[in-house]
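Engineer: The structure follows.
Coordinate-derived values only; no laboratory data. Source: prediction; values computed, not measured. Cβ atoms come from the backbone with ideal geometry, glycine included; neighbour counts cover every protein chain shown.
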Amino acid sequence: MIIDAHAHIMLAVNGQTATGATTSLSWGRVRWGDDTIQLLPPLNKTTSFSAETLLAQMDWAGVERAVLLQGPFYGEANAYLASAVKRWSDRFLGAFAPDPRARDVREQFQQCVDEFGLRVLKFELTETTGLTGRYPDLDIDSAEFHWIYEEAQRRNLVVTFDLGKAGSASYQTDNVAAVARRYPALNIVIAHLGQPPIASPDDDALNEAWADQILLGRLPNVFFDTSALPAYAPDYDEYPYVLAQDYIRRAVELIGADKIMWGTDVPGLLTSGSYRQLLNMIKVHCDFLSAEQKAQILGGNAARVYWSA
């Protein structure tokens, strides 16, 4: 079984970040504050990526399941994800992205879990698009988060962190370690393989900070997904993304293949490669992995971590 542990769907981009609002335009473009960016390939007049579109991509590539995450850039889509999970319960697992400082965060939590059936909490902390950009003093091991972790552990939910770049305020390696130890029955996933310095592979300080975060995987309840790695590479590192492969190899050497899950971060990654290319980076080209290790990374680990309830 192949599982995409990190994907997104949306009918339109309608988010809010520290640098401004995000709004769908046309032909894959998005207005972000005062700028316009090419988020998706210019394939459709409407800049959207529906559940049906993701399923078509998955079927084309031979992917059975996907974890549908959320984040501030795309905008809140709890009801839409819930409808997709309900309609395709054998294919999708859904997440919500609570703001711990929102006045109604407890009500949102209850609705997303009890009414919508969403089983994953996604905290995007990045300074550019996430919570740390809005709240520079945010500490994920502070009291405002503890009740969330306690409820997530009690209800057998999964917590996924996007910790941003090494050296940034969001790269809270020590705080993740503290949370993982305090809540040992809570599965924690760190997105983007800890965002390795693919564009600066010779920067010793960044590599050390990245390795320190990867070593969190030696804790029994901490895992990583490989989403978005090609997007961190220089423009010249095209498919099959040999620089990204090298960091996957390093991570496997540090913590083992049983702690790593394949993910894409589509639709945004479709400007870096096709869905099949994002899969084949590991399925076809990571020759340093055994067949058993590939099976773990491509689906076995995600089934164990996300579908364990």
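Engineer: Order by neighbour count: Phe73, Phe288, fewest other Cβ atoms within 10 Å first, most last.
Structural biologist: With the fewest neighbours first, Phe73, Phe288 line up as Phe288, Phe73.
Engineer: Between Ala143 and Leu254, how high is the FRET efficiency from 1/(1 + (r/R0)^6) when r is the Cβ-Cβ distance and R₀ = 22 Å? Nearest 0.05. Numbers along the way, then the final one.
Structural biologist: Details: r = 32 Å, r/R0 = 1.45.
FRET efficiency, Ala143 to Leu254: 0.10.
Engineer: Continuing with this model, one more query. Roughly what would the spin-label model give for Ser48 and Asp99, points 7 Å off Cα along C-beta, in nm?
Structural biologist: So the two model labels end up 2.5 nm from each other.
Engineer: Once amide H atoms are placed 1.01 Å from N in the peptide plane, what residues at a sequence separation of 5 or more from Ile190, or on another chain, have their amide H within under 5 Å of its amide H?
Structural biologist: Counting only residues 5 or more places away or on other chains, the set is Phe161, Phe223, Phe224, Asp225.
Engineer: Compute the FRET efficiency between Asp202 and Glu238 as 1/(1 + (r/R0)^6), taking r as their Cβ-Cβ distance and R0 = 30 Å, and round to the nearest 0.05.
Structural biologist: 0.90
Engineer: Anything over 22 Å Cα to Cα? Flag those among Lys259/Lys294; Lys45/Lys122; Lys122/Lys294; Lys86/Lys294, in the order listed.
Structural biologist: Table pairs above 22 Å Cα-Cα are Lys45/Lys122; Lys122/Lys294; Lys86/Lys294.
Engineer: Also: Determine the distance separating the Cα centre of the range 276-302 from the Cα centre of the range 31-76; give it in Å without decimals.
Structural biologist: 23
Engineer: Right, another one. Just need the relative contact order of the chain here, percent rounded to a whole number, with Cα pairs under 8 Å and 6+ apart.
Structural biologist: Relative contact order here is 18 percent.
Engineer: Which value, in debye to the nearest 20, describes the size of the charge dipole of the range 100-150 about its Cα centre when Lys and Arg Cβ atoms bear +1, Asp and Glu Cβ atoms bear -1, and nothing else is charged?
Structural biologist: With Lys and Arg at +1 and Asp and Glu at -1, about 140 debye.
Engineer: At most 16 other C-beta atoms within 10 Å and a DSSP loop state: those are the exposed GluC sites (Glu not before Pro) I care about. Give me the longest piece of the chain that has none.
Structural biologist: The answer is 65-237.
Engineer: Compute the longest continuous run of the chain that contains no exposed trypsin sites (Lys or Arg not before Pro); treat a site as exposed when its DSSP state is not H, G, I, E or B and it has at most 11 other Cβ atoms within 10 Å.
Structural biologist: That gives 104-309 as the longest site-free run.
Engineer: Then there is this: Take every DSSP beta bridge whose two residues both sit in the range 3-306, then give the antiparallel share in percent to the nearest 5.
Structural biologist: So the antiparallel bridges amount to about 35 percent of the total.
Engineer: Once the other residues with Cβ under 15 Å from the Cβ of Asp99 are scored (Lys, Arg +1; Asp, Glu -1), what is the net sum? Kindly include the intermediate steps, with their values, before the conclusion.
Structural biologist: Working: positive: Arg101, Arg103, Arg106, Lys122, Arg134; negative: Glu76, Asp104, Glu107, Glu124, Asp137, Asp139, Glu144, Asp162.
Residues near Asp99 contribute -3 overall.
Engineer: Taking 0.36 nm per residue of separation and subtracting the Cα-Cα distance, what length does fully extending Ser83 through Tyr135 add? Present the calculation step by step, with values, prior to reporting the outcome.
Structural biologist: Numbers: separation 52, 0.36 × 52 = 18.72 nm, distance 3.10 nm.
Separation in residues times 0.36 nm, less the Cα-Cα distance, equals 15.6 nm.
Engineer: Could you give the dipole magnitude of the range 3-306 about its Cα centre, charging the beta-carbon of Lys and Arg +1 and that of Asp and Glu -1, in debye to the nearest 20?
Structural biologist: 900
Engineer: Further question on the same structure: Using the Cα atoms of the chain, I'd like the radius of gyration and the largest Cα-Cα distance, Dmax, both in angstrom.
Structural biologist: 17.8, 50
Engineer: A further question on this structure: Where the only charges are on Cβ atoms (+1 Lys, Arg; -1 Asp, Glu), what is the dipole of the range 141-202 about its Cα centre, to the nearest 20 debye?
Structural biologist: With Lys and Arg at +1 and Asp and Glu at -1, about 180 debye.
Engineer: Full-extension gain between Thr271 and Asn14, please, as 0.36 nm times their residue separation minus the C-alpha to C-alpha distance. List each step's numbers first, then the result.
Structural biologist: Working: separation 257, 0.36 × 257 = 92.52 nm, distance 1.97 nm.
That pair, Thr271 and Asn14, stretches by 90.5 nm at full extension.
Engineer: In addition: Please identify, among Pro42, Pro240, Pro230, the residue showing maximal mean-square fluctuation in a Gaussian network model of the chain using a 10 angstrom Cα cutoff.
Structural biologist: Top of the fluctuation ranking is Pro42.
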